[in-house]
Amino acid sequence: MKFNYAFQKVVDLKTNEKTQAEWMLSAAIGVLQNEMSSLEQLVEDKRKLAAAIQEEAQKSSSCLKLQALQQYSDHLERCIALKSKDVDNAEQNVEKNKAHLSSRMLDEKVWLKAKDKALDAFRQQMLLREQNELDEMATVRFAMRAR
């Protein structure tokens, strides 16, 4: 006799939900990494620009060139501020997806535990049935010999 769990489709569903949550977390982490990389690039550009402004100031360059560099520096500051917000949003999304994954993992664990208990009960029942059959065979043999 084969074990057939009545709620196997629910277990499969919970496993699929967990897999989807893992994918969503992976995607959110990818977005976070991209945002952080972009922010790092902007900060590096700002650092290089600051060095360029310093160098131009020492060369006694034209006022217009220094103003243009300063305006670009201000633009980079605004971009860095916006990108920092994007990074914060991506981090919050990662945390939300982590919580969702934890929830899905817990659901799956509960259903797998229930399946394991049902399997143990099935095995116990099969052992008991087998033992009863062996006992009956032994009783029949004893009765046959007694005659």
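Please treat every number below as a calculation from the coordinates, not as lab data. None of these values were measured; they are calculated from a predicted model. Please note: Cβ atoms are built from the backbone with ideal geometry, for glycine as well, and neighbour counts cover all protein chains shown.
A Förster distance of 35 Å, applied to the separation of the beta-carbon atoms of ARG47 and GLU91, puts the FRET efficiency at 0.90. With percent of Cα pairs over 23 Å apart in mind, check (i) 53; (ii) 67; (iii) 35 and report the label derived from this structure. This structure yields the entry labelled (ii). When both the stretch 103-117 and the stretch 4-60 are represented by their alpha-carbon centers, they are found 30 Å apart.
Candidates ALA114, GLN41, LEU69 compared by Cα position along the dipole of the stretch 8-115: farthest toward the positive end lies ALA114, with charges placed on Cβ.
Counting only Cβ charges, +1 for Lys and Arg and -1 for Asp and Glu, the dipole size of the chain around its Cα centre is about 820 debye. State the answer as a single residue: which of GLN54, LEU82, ASN16 lies farthest towards the positive end of the charge dipole of the stretch 8-115, with beta carbon charges of +1 for Lys and Arg and -1 for Asp and Glu, about the Cα centre. Working it through, the farthest residue towards the positive pole turns out to be ASN16.
Residue separation of ASN34 and VAL140 scaled by 0.36 nm, minus their Cα-Cα distance, works out to 30.5 nm of gained length. Which of the pairs LYS65/LYS85; LYS18/LYS83; LYS46/LYS96; LYS18/LYS85; LYS48/LYS83; LYS14/LYS113 have their Cα atoms more than 21 Å apart in this structure? Pairs exceeding 21 Å: LYS65/LYS85; LYS18/LYS83; LYS46/LYS96; LYS18/LYS85.
Other residues within the sphere of radius under 15 Å centred on the Cβ of VAL110, judged by their own Cβ, net out at +2 (K and R +1, D and E -1).
Bridging of LYS117 to aspartates and glutamates at a Cα separation below 17 Å is possible for ASP12, ASP107, GLU108, once same-chain residues fewer than 8 apart are set aside. In this simple spin-label model, placing a label point 7 Å from the Cα along the Cα-to-Cβ direction at both ASP74 and LYS59 gives a separation of 2.3 nm.
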